[in-house]
Amino acid sequence: KKQAANVLDEVKNRPGHIFNLGHGIHKNTPVDHVAALIDFVHEYTATSDVSL
């Protein structure tokens, strides 16, 4: 969560940024980890001043 928040904070002044899962996710990454990341991104952007 900390790393995802860091990425989102770095791009918060760049409207239209897409948090893309297509790059860098290893094929053996557990699906529930990916789902947790997606949930976190949705929650974080809904409750912060990040405008994606």
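Derivation of every value follows stated rules applied to the coordinates shown; laboratory data play no part. All values reported here derive from a predicted model rather than from experimental measurement. Please note: Cβ atoms are built from the backbone with ideal geometry, for glycine as well, and neighbour counts cover all protein chains shown.
Please give me, ordered by residue number, the trypsin sites (Lys or Arg not before Pro) of the chain that lie in loop per DSSP and have at most 12 other Cβ atoms within 10 Å. Please list the in-between numbers first.
Working: sites: Lys1, Lys2, Lys12, Lys27; in loops: Lys1, Lys12, Lys27.
Those satisfying the criteria are Lys1, Lys27.
How much length is gained on full extension from His17 to Glu43, taking 0.36 nm per residue of separation minus their Cα-Cα distance?
Contour length minus Cα-Cα distance gives 7.8 nm.
Could you tell me which label, among (1) 44; (2) 75; (3) 65, carries the value of volume of the Cα convex hull per residue in Å³ calculated for this structure?
From the options (1) 44; (2) 75; (3) 65, the structure gives (2).
From the helices alone, meaning DSSP H stretches of at least four residues, give me the mean residue ellipticity at 222 nm for the chain, per-run term -39500 (n - 2.57), in deg cm²/dmol to the nearest 500.
-15000 deg cm²/dmol
Just subtract the alpha-carbon distance of His33 and Gln3 from 0.36 nm times their residue separation and send over the number in nm, one decimal.
Length gained, His33 through Gln3: 9.4 nm.
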